[in-house]
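Accompanying notes for the structure given below.
Just so it is clear, none of the values below were taken in a lab; they were calculated from the coordinates. Predicted model, so just to flag it, every value in this text is computed and none were measured. Note: ideal-geometry Cβ built from the backbone for every residue, glycine included; neighbour counts use all protein chains shown.
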Amino acid sequence: MMKPTVVLYPVAGMGHVVPMVELAKLFIRHGFDAAVVLMHSPTKHPSFDPFVARVSASHPSISFHQLPPPAESVDDPSGQIQSLLDSFRANNPQFLQFLSSYSQETDVRAVVLDVFCTDALEVTAELRLRTHFFFSSGASVLGVFLYVPTMYSAMDVSFGDLGDAPLHYPGMPPIPASHMPSHLMKRENAMFKKIVSMFDRLPDADAILINSFDHFEAAAVETLRSGVCVPGRRMPNVYCVGPLVVDASGDIGERKGERPACLAWLDAQPRGSVMFLCFGSMGSFSVDQLKQIATGLERSGQRFLWVVRGPPSGEGVILPPSEPDLDALLPEGFLERTQQRGMVVKSWAPQVEVLNHAAVGGFVTHCGWNSTLEAITAGVAMVAWPLYAEQRLNKVFLVDQMKLAVAMEGYDREMVTAEEVETKLRWVMESEGGMELRERAAAMKEKAAEARREGGSSQLAMLEVIARDLEDYKSK
């Protein structure tokens with residue numbers, strides 16, 4: 001007898017594939033096989049193929065299937081976001097062909113689509129397959145995105161025309177209009193209309209699975225389930241099944257077997273004494289900003305582990321930054337002067353292991369959702385420095401609502417000054433307010449662990465998803 005199977009269809013970016021694979025592992029624990037379908041993409045992160053190879057070797061119940069290139073190529077070597085969104089729809093014929101044959105050979109009970117793959121609803125509808133969306137960011141951001149089509153229809157100006165004027169979303173703290181994702185700033189743009197149309201289709205799924213947990217975003221989860229974010233429409237069932245975070249000894253990374261030098265360096269540092277600075281796989285700064293960070297680190301007197309990437313390649317480009325030349329990017333003599341209390345690594349560090357190391361006491365982060373959850377599950381206080389996408393929204397929720405981060409002021413202007421870097425690091429590590437922030441982070445770590453335990457909210461949510469997939473399949 002064939003095992004029930006779930007098909008997962010992520011966007012081909014590390015920030016989407018990694019949590020989708022963690023979701024696949026949850027299905028496997030409940031007796032499913034999982035097939036992860038990889039669309040053809042114009043761009044690919046260098047650690048993508050090694051990651052897939054490691055997961056395939058360690059989890060044989062997860063199979064990966066690469067779709068062939070679309071008949072009509074939309075490849076754009078510059079990696080523009082417009083090209084990327086166009087490519088998702090262009091993969092539909094290949095996805096339909098795969099699902100048609102695969103569902104005849106296997107017992108497919110459900111398909112899980114990345115929220116950016118709303119066009120693939122046409123494929124699953126044609127094959128009459130139960131369909132979930134997986135939202136790899138948080139419940140709060142999902143509430144905003146679901147309400148954007150309603151807000152858009154009631155407005156006659158663009159978000160970009162409103163400056164820092166507060167936007168009021170159901171159940172959310174006020175959000176400055178300037179903090180909406182950059183591609184939503186001009187309503188007359190084709191990109192804006194494409195993304196709003198995508199948000200408008202999210203309620204068409206059978207369920208929405210969110211990489212979060214009920215206690216972490218209690219108000220947002222309650223708001224979503226009430227249906228007020230999609231007035232006049234059916235709100236699908238919402239399940240918080242997270243936090244989905246790779247194990248500290250898990251599959252992601254670029255190691256070749258030996259233990260990274262930064263972990264050995266952390267072993268020699270006092271408990272809770274190191275500030276970790278890392279800004280995601282795509283996060284990068286100008287040379288001037290890197291020098292301001294370096295100066296602030298040096299003046300602060302704090303121990304630090306800093307991941308430095310090369311400056312950005314160009315406007316709107318989503319390719320990974322180039323390999324950095326530290327001597328050219330950082331102030332002269334900085335590395336030598338700080339070598340007793342700081343370490344700079346190029347491009348990559350094993351972030352989950354670093355955050356879970358006893359020596360780490362704070363995390364300066366871009367507020368990407370995977371990084372946020374990795375900090376939450378490690379119990380590490382955050383300094384919020386959002387850069388792109390929905391990260392400014394995450395900053396609002398983390399700082400103003402959850403009180404689990406403090407903002408690095410100036411992130412929304414041209415430059416964060418060395419003085420601000422120095423001040424904020426000292427505040428986190430030395431002040432009473434910083435101590436309270438670290439205590440709240442430690443408490444939320446316990447709540448995250450509870451959610452994932454047997455009988456916890458996320459584990460029970462996953463059991464309900466599984467039960468409905470099996471039950472609804474039988475009833476068709």
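Helix 457-475 and the longest principal axis of the Cα set of the chain meet at an angle near 20°. Taking only the alpha carbons of the stretch 261-449, we obtain Rg and Dmax values of 15.3, 45 Å in that order. Considering only Leu84, Phe145, Phe135, the residue lying farthest towards the positive end of the dipole of the chain is Phe135, judged by Cα position with unit charges set on Cβ. Stokes-Einstein, applied to the Kirkwood radius of the stretch 57-211 over Cα pairs at a viscosity of 1.002 mPa s and 20 °C, places its translational diffusion at 122 µm² s⁻¹. Over the Cα atoms of the stretch 354-476, each weighted equally, I'd like the Debye log10 I(q)/I(0) at q = 0.20 Å⁻¹, rounded to two decimals. The calculated log intensity ratios at q = 0.20 Å⁻¹ are -1.09.
For the chain, build the charge dipole from Cβ charges (+1 Lys, Arg; -1 Asp, Glu) around the Cα centre, then report which of Val238, Cys278, Ala461 sits farthest towards its positive end. After comparing all options, I get Ala461. Along the axis of the charge dipole computed for the stretch 28-132 (Cβ charges of +1 for Lys and Arg, -1 for Asp and Glu, origin at the Cα centre), the listed residues Val111, Ser41, Val55 are led at the positive end by Val55. Note on the stretch 2-137: Cα Rg divided by 2.2 N^0.38 Å, N the number of residues, gives 0.99. Computed over the chain, the per-residue total of -39500 (n - 2.57) for DSSP H runs of n ≥ 4 gives a 222 nm mean residue ellipticity of -12500 deg cm²/dmol, rounded to 500. Over the chain, the pair-distance histogram of Cα-Cα distances with 20 Å bins from zero comes to 24, 58, 18, 0 percent, rounded to whole numbers. With a Cα cut-off of under 18 Å and a minimum spacing of 8 residues unless on different chains, the lysine pairs in the stretch 342-450 number 5.
Each Lys and Arg contributes +1 and each Asp and Glu -1, all at the Cβ; summed about the Cα centre of the chain, the dipole is approximately 800 debye.
Taking the DSSP bridge list for the chain and keeping only pairs wholly inside it, about 5 percent are antiparallel. Rounding to the nearest 10 and keeping the result within 0 to 90°, find how far the Cα-based axis of helix 287-300 lies from the longest principal axis of the chain. Value to nearest ten degrees: 60. Simple spin-label estimate for Glu258 and Asp156 gives 6.7 nm between the two label positions (7 Å along the Cα-to-Cβ direction from each Cα). Cβ crowding within 10 Å ranks Ser212, Ser158, Ser431 as Ser431, Ser158, Ser212, fewest other Cβ atoms first. Rounded if a/c is under 1.5, else prolate if a/b beats b/c, else oblate: with a ≥ b ≥ c from the C-alpha gyration tensor eigenvalues square-rooted, which is the stretch 275-367? Taking the square roots of the gyration eigenvalues as a ≥ b ≥ c, the stretch 275-367 is oblate. Amide H contacts under 5 Å for Val36: Leu8, Ser63, Phe64, His65, restricted to partners 5 or more places along the chain or on a different chain, H placed in the peptide plane at 1.01 Å from N.
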